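Peer 1: Please read through the structure below; I'll follow up with questions.
The values are calculated or read from the model by the stated rules, or taken from the named source; none is laboratory data. Fair warning: this is a prediction, and the values are worked out from it, not measured in the lab. Here Cβ is always computed from backbone atoms with ideal geometry, including for glycine, and neighbour counts include all displayed protein chains. Note: accessible area is taken over every heavy atom of the protein model, side chains too, but ligands, DNA and RNA are not part of it. Shrake-Rupley method; radii C 1.70, N 1.55, O 1.52, S 1.80 Å.
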Amino acid sequence: MTVSQLFALSLGAILVENFVLVRFLGICPFLGVSKKTDTALGMGFSVIFVMGTASAATYLVNEHILKRFDIEYMHTVAFILVIAALVQLVEMFLKKSAPSLHKALGIYLPLMSTNCAVLGVAILNTQNEFDLIGSVVYGVSAAIGFTLALLLFASVREKLEFSDVPAAFQGFPIALVTAALISMAFMGFSGLKVM
């Protein structure tokens, strides 16, 4: 892939095909970890690491094991195992180096191993037949888009805590309305021709 193709792939993954706001993948951590921007940023960096390394690892597993032994139909199981191992590494690292962030992420960190956004990146990489560089660029870009959506949503939710919201909309209902409005704003990028 050329640099311009990689840039278009990256821009498309971040804005046009945002995994959370356009493809609606990874909604569980999006809604669960987005109450504070610092927690959202920590989760975003974890997702960037996991999606980037998972993209490279699943590409290598697909090319050198699944295709070689003609068992490509096992890609979902194999990819989940690879992603689960990477998430365990991230969890052990955060538990030792940033215990407060590890505690703030709570159950959402181990659930990242079954996060459909991480698995979706791996499967889309194989379906689109990206090479190793393309897979990593797509994975990291999708994770950057995930982080961008998470930070936008968390910053709005922090502002909503001090807003006068009608009683019927307080809490989770206003969060869903906000997520819908941000998603509609991102749908405006769908007119961009990046690929």
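Peer 1: Ignoring ligands, DNA and RNA, what accessible area per residue does the chain give at 1.4 Å, in Å²?
Peer 2: Per-residue accessible area for the chain comes out at 52 Å².
Peer 1: Using θ = phi - 60° and the Karplus curve 6.51 cos²θ - 1.76 cosθ + 1.60, what whole-Hz ³J(HN,Hα) does each residue of segment 141-151 get, with Gly and Pro shown as x?
Peer 2: 5, 4, 5, 5, x, 4, 5, 4, 4, 5, 5
Peer 1: When the Karplus curve 6.51 cos²θ - 1.76 cosθ + 1.60 is applied with θ = phi - 60°, which whole-Hz ³J(HN,Hα) does each residue of segment 80-96 get, with x for Gly and Pro?
Peer 2: 5, 5, 5, 5, 4, 5, 5, 5, 4, 4, 4, 5, 5, 5, 5, 5, 7
Peer 1: Here is a further query. Over 29 Å between Cα atoms, which of Lys67/Lys96; Lys36/Lys96; Lys96/Lys159 qualify?
Peer 2: Lys67/Lys96; Lys96/Lys159
Peer 1: Then there is this: Across segment 104-111, in residue order, what do the Karplus-derived ³J(HN,Hα) couplings come to in whole Hz, using 6.51 cos²θ - 1.76 cosθ + 1.60 with θ = phi - 60° and x for Gly and Pro?
Peer 2: In residue order, the calculated couplings are 5, 6, x, 5, 6, 5, x, 5 Hz.
Peer 1: I would also like to ask the following. Give me the accessible area of Thr53, 1.4 Å probe, in Å² rounded to the nearest 10.
Peer 2: For Thr53, the solvent-accessible surface is approximately 40 Å².
Peer 1: Rounded to the nearest percent, how much of the accessible area of the chain (1.4 Å probe, protein heavy atoms only) is carbon and sulfur?
Peer 2: Numbers: 7050 of 10160 Å².
Here carbon and sulfur together make up 69 percent of the probe-accessible area.
Peer 1: Still on this structure, I have one more. I need the chymotrypsin sites (Phe, Trp or Tyr not before Pro) found in segment 1-93, filtered to DSSP loop residues with at most 14 other beta carbons within 10 Å of theirs. Write down the numbers at each step before the final one.
Peer 2: Working: sites: Phe7, Phe19, Phe24, Phe30, Phe45, Phe49, Tyr59, Phe69, Tyr73, Phe79, Phe93; in loops: Phe19, Phe24, Phe69.
Sites meeting the loop and neighbour criteria: Phe24, Phe69.
Peer 1: Can I ask one more? Report, ordered by chain and residue number, the aspartates and glutamates lying within cross-link reach of Lys95, taken as a straight Cα distance under 18 Å and ignoring same-chain residues fewer than 8 apart.
Peer 2: Cα-Cα hits under 18 Å: Asp38.
Peer 1: Same structure again: If we count GluC sites (Glu not before Pro) as exposed when they sit in a DSSP loop and have at most 14 other beta carbons within 10 Å, what is the longest stretch of the chain that avoids them all?
Peer 2: The answer is 1-128.
Peer 1: Then there's this: Please report, in whole Å, how far the alpha carbons of the chain spread along each principal axis, starting with the longest.
Peer 2: Computed over the chain, the largest-to-smallest principal extents equal 60, 43, 27 Å.
Peer 1: Suppose every Lys and Arg Cβ carries +1 and every Asp and Glu Cβ carries -1, with no other charges. What dipole size does segment 1-74 come out with about its Cα centre, to the nearest 20 debye?
Peer 2: 200
Peer 1: Something else now. Pick out, from Gly134, Val3, Val22, the residue whose Cα sits farthest towards the positive end of the charge dipole of the chain, with +1 on the Cβ of Lys and Arg and -1 on the Cβ of Asp and Glu.
Peer 2: Val22
Peer 1: What is the set of long-range amide H partners of Gly26 at a cut-off below 5 Å, with H atoms built 1.01 Å from backbone N?
Peer 2: Under 5 Å from the amide H of Gly26: Cys116, Ala117.
Peer 1: Still on this structure, please answer the following. For Lys36, what accessible area in Å² do you get when you roll a 1.4 Å probe over the heavy atoms of the protein chains, rounding to the nearest 10?
Peer 2: We get 90 Å² for Lys36.
Peer 1: Counting Lys and Arg as +1 and Asp and Glu as -1, each charge on the Cβ, what is the dipole of segment 41-195 about the Cα centre in debye, to the nearest 20?
Peer 2: 260
Peer 1: Given the DSSP H assignment, sum -39500 (n - 2.57) over each helix run of at least 4 residues in the chain and divide by its residue total; what's the result at 222 nm in deg cm²/dmol, nearest 500?
Peer 2: -21500 deg cm²/dmol
Peer 1: Go ahead and run the numbers for FRET between Ala85 and Glu161, Cβ-Cβ distance against an R0 of 45 Å, rounding to 0.05.
Peer 2: Efficiency computed from Cβ-Cβ geometry: 0.75.
Peer 1: Taking R0 as 25 Å, what FRET efficiency do you get between Ile71 and Lys96 from their Cβ-Cβ distance, rounded to the nearest 0.05?
Peer 2: Approximately 0.10, to the nearest 0.05.
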